[in-house]
Amino acid sequence: MDMAQNGTSVSIQDLSLNFGAVSVLKTLNLDVAQGEFVVLLGPSGCGKSTLLNCVAGLLDISEGRIFIKGKNVTWEEPKDRGIGMVFQSYALYPQMTVEKNLSFGLRVAGLPRDEIVKRIARAAEILQIEPLLQRKPSALSGGQRQRVAIGRALVRDVDVFLFDEPLSNLDAKLRSELRVEIKLLHRKLQNTMIYVTHDQIEAMTLADRIAVMKGGVIQQLDAPQTIYNRPVNRFVAGFLGSPAMNFVEGRLEKHGDGWSFVAEDLKIPLGTYQFDGQPEAGPAVFGIRPEHVSLNSGTGWPFSTSANVEVVEPMGSDTLVWLKLAQQKFSVRVTSERTPQNDEAVTLGFDPMRASLFDAETGGRI
Amino acid sequence: MQRSWRRRFHLPAVIGTIPMILVAVGVFVIGIGFSVLWSFTSSKLFPTYDFVGLAQYRRLWADSRWLVSVNNIWFFGLMSISCNMVFGYLLAVFMDQRIRQEDLFRSIFLYPFAMSLIVTGLVWQWVLDPNLGLQAAMRNLGWSSFSFAPLVDANTAIYALVVAGIWQGSGVTMAILLAGLRGVDEEIWKAARVDGIPTWRTHLSIVAPMMKGAFATAFVLQCVGVVRVYDLVIAMTGGGPGIATSMPAVYVIQLITVRQNVGQGMAAATMMLLPVLVVLAFSGLVLWRRNRRQEARV
Ligand SMILES: Nc1ncnc2c1ncn2[C@@H]1O[C@H](COP(=O)(O)OP(=O)(O)O)[C@@H](O)[C@H]1O
Ligand SMILES: [Mg+2]
């Protein structure tokens with residue numbers, strides 16, 4: 001995606017939104033490039049849907065401006081913004097057939113009949129819902145309904161697609177199927193898409209960039225791998241990744257001309273760690289993902305230590321081994337054929353390059 | 001087969017409802033049976049068993065008073081039900097705007113329904129009485145030529161009944177339709193806005209069709225109200241002026257008590273039963289078909 005060449009599709013500038021005295025979005029800025037797939041990710045109640053509704057024009061914002069395709073749409077009606085929206089509950093019109101669901105908005109807008117027919121045929125073909133056109137929504141499965149809901153956005157022939165947790169009402173299997181279909185749809189259409197979810201797998205698999213939100217503020221906006229590998233704070237680090245990142249609380253100390261992380265008798269030399277700025281000695285949190293720790297694989301690691309296995313959790317493709325590091329819970333992900341037993345003594349090793357260090361007070365990355 | 005029978009009839013429930021079943025069978029079925037039976041006799045003050053075939057029905061349909069009554073009930077029914085639906089829906093939409101003091105408004109709108117029709121009728125009779133109500137008040141205020149006395153005019157009395165019926169019934173229609181309106185998912189409204197569908201069109205083409213059940217419930221309640229209109233007529237006009245606001249129920253009671261003609265009164269009562277039976281049969285058919293469709297889907 002060449003952003004400079006394609007330009008900005010959606011630009012949100014200094015947007016604030018209050019419900020009465022409650023401030024839900026706080027001077028928020030977000031630029032989405034033409035054709036980009038941006039996922040808004042965060043725990044429920046953090047203001048993702050609110051932000052999406054602001055972009056759609058379904059909520060009047062308190063402050064700020066919204067541009068779509070270079071046009072200031074801050075006070076435009078939703079239908080005039082060039083957006084299509086897909087909802088969690090599908091929001092199909094239940095008394096109308098699939099075909100009428102797709103065509104109703106176009107007919108109200110006064111589009112010529114043959115143009116409507118053409119657009120419905122195209123959407124039905126792309127989404128493979130041709131056999132369903134004469135059915136009512138009540139006679140469709142959840143996955144089919146959501147396909148029709150996507151179709152209703154598709155026939156509007158818009159530049160920007162907005163999704164509000166479109167897969168949350170589906171069971172796990174359908175969810176992963178439709179996830180792939182949405183990704184294919186994006187590849188085929190090359191539209192700008194803004195997608196809201198609280199599911200990190202959806203975010204990681206779909207997004208060109210993820211905006212991780214908390215309390216109405218975007219914490220980090222980056223490519224999925226960057227967010228995964230270099231989270232800007234402890235919240236982002238803990239929210240992404242399953243099983244979750246290990247956090248060990250301790251201190252950052254300087255020994256000679258090198259820095260170390262110290263917790264009780266544990267001392268991790270940070271020679272390979274890339275600091276964000278000038279580190280300072282003091283309380284800190286050491287974070288490392290369970291899959292970045294290796295079990296019983298020799299002493300070639302920049303850091304290695306020994307511990308006793310407490311619990312083993314088989315997870316199908318691999319196994320989570322729980323033990324204690326500096327009296328704190330710590331998990332290691334291992335492939336199944338090398339699963340240790342309970343109470344077995346093991347050595348574990350990792351490269352601090354893959355770790356993340358956070359300020360104990362602010363939670364910011366060090 | 002065995003299982004579905006047991007699912008439908010619980011023994012303790014059947015035993016518990018036996019008194020109700022006895023009353024229903026005794027009063028309604030036997031009572032209705034005798035009404036129909038006597039409608040074929042020449043009964044006058046007391047029921048007899050002197051059968052005269054359809055003679056009472058021929059005399060009934062030749063009686064201009066009965067014809068006026070039938071016309072009146074249709075007029076009253078269609079006017080008050082349709083106006084109640086429209087006003088009730090508009091009130092429900094108004095209440096759905098998250099207005100402040102919603103509870104207060106709801107109580108005000110529902111209040112008339114809590115009153116008996118006799119009270120409603122008396123209140124409206126006072127308001128519309130030339131010497132007590134609106135006309136007298138306006139004249140006292142100095143507008144001496146003001147004239148408003150619909151109840152004493154044979155051409156307008158029926159409209160006064162309709163207005164009283166709407167006043168009494170639109171509140172409860174509002175309450176039922178409001179519940180239906182609240183049941184419509186907010187995302188449907190959002191989707192319609194994104195689709196660029198005007199609000200009135202969303203109501204008409206999307207939301208109202210979703211509220212079929214609420215409309216049906218309100219409609220049935222309104223129909224019951226039309227059948228109960230007897231009290232309202234007696235309290236407001238007594239069927240007058242002349243026979244201008246006579247209704248079938250009023251006609252039946254008058255035949256039995258004043259004109260002492262049980263045979264013809266029962267013929268009229270039987271005629272009143274007919275449309276009820278048609279509605280019952282129709283709704284039964286609809287329910288049966290829906291059940292069958294649901295079972296077919298399971
Ligand atoms: N209409 C509203 N009135 C008042 N508060 C609201 C309203 N809608 C949402 N909120 C609040 O705004 C916050 C963000 O909501 P929302 O955007 O729906 O969260 P998310 O979609 O991230 O789960 C929540 O705390 C919620 O309680
Ligand atoms: Mg939400």
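Tabulated values for the structure
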{"read-out": "Hey, A:Lys188 away from ligand 1 (no atom under 16 Å from the Cβ) and within 21 Å of the chain's Cα centre (by Cα) or not", "value": "no"}
{"read-out": "Among the candidates B:Gln294, B:Gln264, residue that is assigned to a helix (DSSP H, G or I) and loosely packed, with under 10 Cβ neighbours inside 10 Å", "value": "B:Gln294"}
{"read-out": "Test: B:Arg201 is within 14 Å of chain A (Cβ to nearest Cβ), touching a Leu at 6+ places or on another chain (Cβ under 7 Å) and not aromatic (Phe, Trp, Tyr)", "value": "no"}
{"read-out": "Condition check for A:Phe67: more than 14 Å from chain B (Cβ to nearest Cβ), closer than 20 Å to A:Glu202 by Cβ and either touching a residue at least 24 places away in the same chain (Cβ under 8 Å) or within 16 Å of ligand 2 (Cβ to nearest atom) (or both)", "value": "no"}
{"read-out": "Filter result (within 16 Å of ligand 2 (Cβ to nearest atom) and either of a type in the set (Val, Ile, Thr) or within 14 Å of chain B (Cβ to nearest Cβ) (or both)) within segment A:7-37", "value": "A:Phe19, A:Val22, A:Val24"}
{"read-out": "Residue list for segment A:19-33, restricted to those being open to solvent by 10 Å² or more (accessible area, probe 1.4 Å) and more than 9 Å from ligand 1 (Cβ to nearest atom)", "value": "A:Ala21, A:Ser23, A:Lys26, A:Thr27, A:Asn29, A:Asp31"}
{"read-out": "Spans of helices (runs of 4 or more DSSP H) in segment A:196-281 with at least 1 residues within 16 Å of ligand 2 (Cβ to nearest atom)", "value": "A:200-206, A:234-239"}
{"read-out": "Residue check for B:Leu178: open to solvent by less than 30 Å² (accessible area, probe 1.4 Å), touching a residue at least 12 places away in the same chain (Cβ under 8 Å) and more than 30 Å from B:Thr270 (Cβ to Cβ)", "value": "yes"}
{"read-out": "Members of segment A:42-64 found to be open to solvent by 40 Å² or more (accessible area, probe 1.4 Å), over 25 Å from A:Asp199 (Cα atoms) and either more than 14 Å from chain B (Cβ to nearest Cβ) or among the aromatic types (Phe, Trp, Tyr) (or both), listed by number", "value": "A:Ser62, A:Glu63"}
{"read-out": "Members of segment A:75-87 that are open to solvent by 30 Å² or more (accessible area, probe 1.4 Å) and either more than 7 Å from chain B (Cβ to nearest Cβ) or β-branched (Val, Ile, Thr) (or both)", "value": "A:Trp75, A:Glu76, A:Glu77, A:Asp80"}
{"read-out": "In segment B:55-98, the residues that are open to solvent by 40 Å² or more (accessible area, probe 1.4 Å), more than 20 Å from the chain's Cα centre (by Cα) and either closer than 30 Å to B:Phe40 by Cα or free of Cβ contacts under 8 Å to residues at least 60 places away in the same chain (or both)", "value": "B:Arg58, B:Arg59, B:Trp61, B:Ala62, B:Ser64, B:Arg65, B:Phe94, B:Gln97, B:Arg98"}
{"read-out": "Total residues in segment A:40-98, condition more than 17 Å from A:Val10 (Cα to Cα) and within 11 Å of ligand 1 (Cβ to nearest atom)", "value": "8"}
{"read-out": "Options B:Tyr111, B:Tyr49: the member that is open to solvent by 60 Å² or more (accessible area, probe 1.4 Å) and either at positive phi or outside any helix (DSSP H, G or I) (or both)", "value": "B:Tyr49"}
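Let's see how each residue does on (1) in contact (Cβ under 8 Å) with a residue 60 or more places away in the chain; (2) open to solvent by 50 Å² or more (accessible area, probe 1.4 Å); (3) more than 14 Å from chain B (Cβ to nearest Cβ); (4) within 16 Å of ligand 1 (Cβ to nearest atom):
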position	(1), (2), (3), (4)
A:Arg179	no, yes, yes, no
A:Ile182	no, no, yes, no
A:Thr192	yes, no, yes, no
A:Tyr195	yes, no, yes, yes
A:His198	yes, yes, yes, yes
A:Ala203	yes, no, yes, yes
A:Ile210	yes, no, yes, yes
A:Lys214	yes, yes, yes, yes
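The values are calculated or read from the model by the stated rules, or taken from the named source; none is laboratory data. Note that the coordinates shown come from a computational prediction; the quantities given were computed from them, not determined experimentally. Virtual Cβ from ideal backbone geometry, glycine too; neighbours counted across all protein chains shown. With ligands, DNA and RNA removed, areas are computed over all heavy atoms of the protein, side chains included. Shrake-Rupley method; radii C 1.70, N 1.55, O 1.52, S 1.80 Å.
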